[in-house]
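In what follows, a structure is listed as structure tokens, so that the remarks can point back to it.
The values are calculated or read from the model by the stated rules, or taken from the named source; none is laboratory data. Computed from a prediction, not measured in an experiment: that's the story for all the values here. As a convention, Cβ positions derive from the backbone with ideal geometry for all residues, glycine included, and neighbour counts pool all protein chains shown. Remember, those area values only see protein heavy atoms, side chains included, never the ligands or the DNA or RNA. Shrake-Rupley method; radii C 1.70, N 1.55, O 1.52, S 1.80 Å.
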Amino acid sequence: MPSVRRIAHAFLERQGLTTVFGNPGSNELPFLSGLPDGFRYVLGLHEGAVVGMADGYAQASGRPALVSLHSAAGSGNALGALTNAVAARTPLVVLAGQQARPAIGPEAYLTNVDAPALMRPLVCWAAEPACARDVPRALAQAVFEARLRRGPAFLSVPYDDWTADADENAPAVLERRVERAGAPGAEQGRRLAGAVAAARRPALVLGGDIDADGLFHDAVRLAERLGGPVWAAPSVFRLPFPNRHPLFRGVLPAGIEPACRALAGHDLVLVLGAPVFRYHEHLPGRYLPEGTRLIQVTEDVSAAARAPVGEALVADPAAVTRLLLTALGTPDTPVHGYRPVPAPAGTRGPRLHPEEVFAALREEQPADTAYVVESTSTNSSWWRQMDLRRPGSYYFPAAGGLGFGLPGAVGVALARPGRPVVGVIGDGSANYGITALWTAARLRVPLTVVLLRNGTYGALHWFGGLLGVPDAPGLDLPGLDFTRIAEGYGVPARQIGGVAELRAALSEPVDGPRLLQVDTALTTP
Ligand SMILES: Cc1ncc(Cn2c(C)c(CCOP(=O)(O)OP(=O)(O)O)sc2=O)c(N)n1
Ligand SMILES: [Ca+2]
């Protein structure tokens, strides 16, 4: 009989999971041995960077990604990055090594004492097979759980399982297909279309799933058919709609009371592909204005069940969007007149205003550039200056867990080799995923990193004021020089003086990773 490893490799190959993002330990070597031709191992120097790269890769490719982590400490290092993947609903298959079966009970060195418990609740499914013969089936379950539940699934495998003989049923795993159909029933569809058609002042709130599911252009057609305002759901991590479209009103405020105020006057709020809502600053009040009906459409059962208000239909947003476009008819003429971009705010000192940096990106970068942003005090400046009109144009850490930016940018660039990719990273955020620069250099990933150095955790200064604690310590970052740090990881880097120098640098051809450090003024989010 073939070995468990042989069946596992064959199954992963059948499922297209041939790029392994990993950082190895002794427990993982038996799985990694004998990887078939066509497999690619992308080494990250810290498990946070490994998962961040896999997250960016899976989001940009639209397919699950495979992760190989070391047991215990290695899996623990990945938890921060997994907060973003679980919030983004990114399908990741996370394999972790484990001590040999007889050594687990006595808790030998490098034992992951209760491996599945360590990873919950940051994965949608976690297990350690009860015996070597169950590994092929459990691996298949991990793949199908990740893909169908849309999140990271975790499997811990003792290292002596991989060389064990598979049993006579194992080859049948290779033939398994598990699919999901998520269209609403006829009556559900009629009810929803009737509610939308009857609305006098409908509003749309769109979530990251709209971009993840390829619905960016359908959302525009639906919005133009409804004719009402469109918001991106709070704590936006993917752009679901062109941000200068005349119907676009920006990101819905991430506070209960301001969000309610923004929705005032609308008799129906249709939420597609988002939780209701992922609030951030706690600003209590009514969830919805008097007389406003909210209907949420998501395939995330938990997001539907935990929402504090409104009705929910658990269904595929793509099927629902198509159903509504069919029932309501698509608009005859597309809307014109995208909103013009205001002149960027400037500064009179040596530091650039973030808006000047973003205006330079808008004007110098190709229109199909994909941006991976992780700078938390510059969001308002970003949306004032950018004009993004394509799917897959914007990625942000979905749970606000810093450390996604740099690795995620590397992952996006690996997934979309023909598309320009720019990481816009704060000098605070950069430190959490900095080792991704080494992988970018080794793989010569075409990537521009614009490092915004304002010498501080800018957003926390703002939050301190909001929370009435302006005197908190630990918010300033003097003396960091990412040009030298990047060079140390093998990435060419330079300090940028003014806007003209930035524009000139951005217009140069990109044939590998590069980092441009810009000193910026502190702004409010
Ligand atoms: C893993 C992790 N650690 C700490 C934080 C807390 N945090 C921190 C430390 C922020 C400051 C980020 O600083 P930056 O330089 O990247 O960006 P700005 O200066 O523009 O705010 S924003 C924020 O929520 C976090 N979100 N995630
Ligand atoms: Ca900063």
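Average accessible surface for segment 381-438: 26 Å² per residue, computed with a 1.4 Å probe over protein heavy atoms with every protein chain in place.
Computed from backbone phi with θ = phi - 60° and the Karplus coefficients 6.51, -1.76 and 1.60, the 3J(HN,Hα) list for segment 507-519 is 7, 6, x, 10, 10, x, x, 8, 10, 10, 8, 10, 7 Hz; x is used for glycine and proline.
For the chain, what % of the accessible area comes from carbon and sulfur atoms, probe 1.4 Å?
Carbon with sulfur: 53 percent of the solvent-accessible area.
Counting only protein heavy atoms and using a 1.4 Å probe, the accessible area of Cys131 comes to about 60 Å². Taking amide H as placed 1.01 Å from N in the peptide plane, the amide H of Val42 sits under 5 Å from that of Val20, Phe21, Gly22, each at least 5 places away or on another chain. Any idea how far the Cα center of segment 382-418 sits from the one of segment 1-33, in Å? Distance between centres, Cα-based: 29 Å. When shorter helices are ignored and each DSSP H run of at least 4 residues is given -39500 (n - 2.57), the per-residue value for the chain at 222 nm works out to -10000 deg cm²/dmol. Using the Karplus relation 6.51 cos²θ - 1.76 cosθ + 1.60 with θ = phi - 60°, the per-residue 3J(HN,Hα) values for segment 284-299 come to x, x, 5, 6, 9, x, 3, x, 9, 9, 10, 10, 9, 10, 8, 9 Hz, with x marking Gly and Pro.
Heavy atoms of the protein chains alone define the surface here; on that basis segment 213-364 has 42 Å² accessible area per residue at 1.4 Å probe size. Taking a ≥ b ≥ c as the square roots of the Cα gyration tensor eigenvalues, with a/c under 1.5 meaning rounded and otherwise prolate when a/b beats b/c, else oblate, which class fits segment 365-457? Note, shape of segment 365-457 comes out oblate. In terms of packing, defined here as the mean over residues of other Cβ atoms within 10 angstrom, the peptides 375-383, 72-80, 507-515, 93-101 line up highest first as 93-101, 375-383, 72-80, 507-515. Summarising the strand pairing of segment 389-525, around 5 percent of its internal DSSP beta bridges are antiparallel. Mean sequence separation of contacting Cα pairs (under 8 Å, at least six apart), scaled by the length of the chain, corresponds to a relative contact order of 14 percent. In this structure, Ala186 and Thr347 have a Cβ-Cβ separation that, at R0 = 56 Å, corresponds to a calculated FRET efficiency of about 0.40.
Find out how many positive minus negative residues lie around Val320, taking Lys and Arg as positive, Asp and Glu as negative, among other residues whose Cβ is under 15 Å from that of Val320.
Taking every Cβ under 15 Å from that of Val320, the sum is -2.
Between segment 56-111 and segment 268-337, how far is it from one alpha carbon centroid to the other, in angstrom? So the separation of the two Cα centres works out to 32 Å.
Check each of the chymotrypsin sites (Phe, Trp or Tyr not before Pro) in segment 73-145 and keep only those in coil by DSSP with at most 15 other C-beta atoms within 10 angstrom; list them in order.
Values: sites: Tyr109, Trp125, Phe144; in loops: Tyr109.
In loop regions of segment 73-145 (DSSP not H, G, I, E or B), the sparsely surrounded chymotrypsin sites (Phe, Trp or Tyr not before Pro) are Tyr109.
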